[in-house]
Amino acid sequence: MGEVLGWIAVGLAAIALAVSGWVWYTSGSRRRRRGVPIPADLDAIRKEVEGLRDEAAQALRHLAVVRYDAFRDMGGHLSWSLALLDDEGNGIVLTSIHGRNDVRSYAKSISDWKSGQELSPEEDEAIGYARAGR
């Protein structure tokens, strides 16, 4: 008799588990059909999104690399110029010139897509590519 009651208890527990799972599943699917309710403080969310957009505009999202041979007797395009700029054209251009016996590196600040220092044609090209999104 005790064994039969044990099996009845297990059966009732399985039924209760199945019913609770079904209730959970159907209530969740109803929520998905209705959509997510709009928060009461929508203006605060709009301001937060606008702040995130402003921050993203200041991120260095415009990147381009130009590889080239700085000297006629050197091959392999070992020299390069890298432009790292934000949406307003502010950032930096890094250049590495590879020669036979040495390597020289330069960093030039960029403001509004221009530099206060003279730029090489390759640095100008890198800035142009970054601005065009290539």
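Every number here is computed from the coordinates shown, using simple stated rules; none is lab data. Keep in mind that this is a model prediction, so the values were computed, not measured. FYI the Cβ positions are ideal-geometry reconstructions off the backbone, even for glycines, and counts take in every protein chain you see.
Here are the numbers:
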{"read-out": "Ranked list, fewest to most other Cβ atoms within 10 Å of each Cβ, for Arg100, Arg131", "value": "Arg100, Arg131"}
{"read-out": "Per-residue Cβ neighbour rank within 10 angstrom, fewest leading, Ile92, Ile127", "value": "Ile92, Ile127"}
{"read-out": "Cα-centred dipole magnitude for the stretch 59-132, charges only on beta-carbon of K, R (+1) and D, E (-1), debye, nearest 20", "value": "200 debye"}
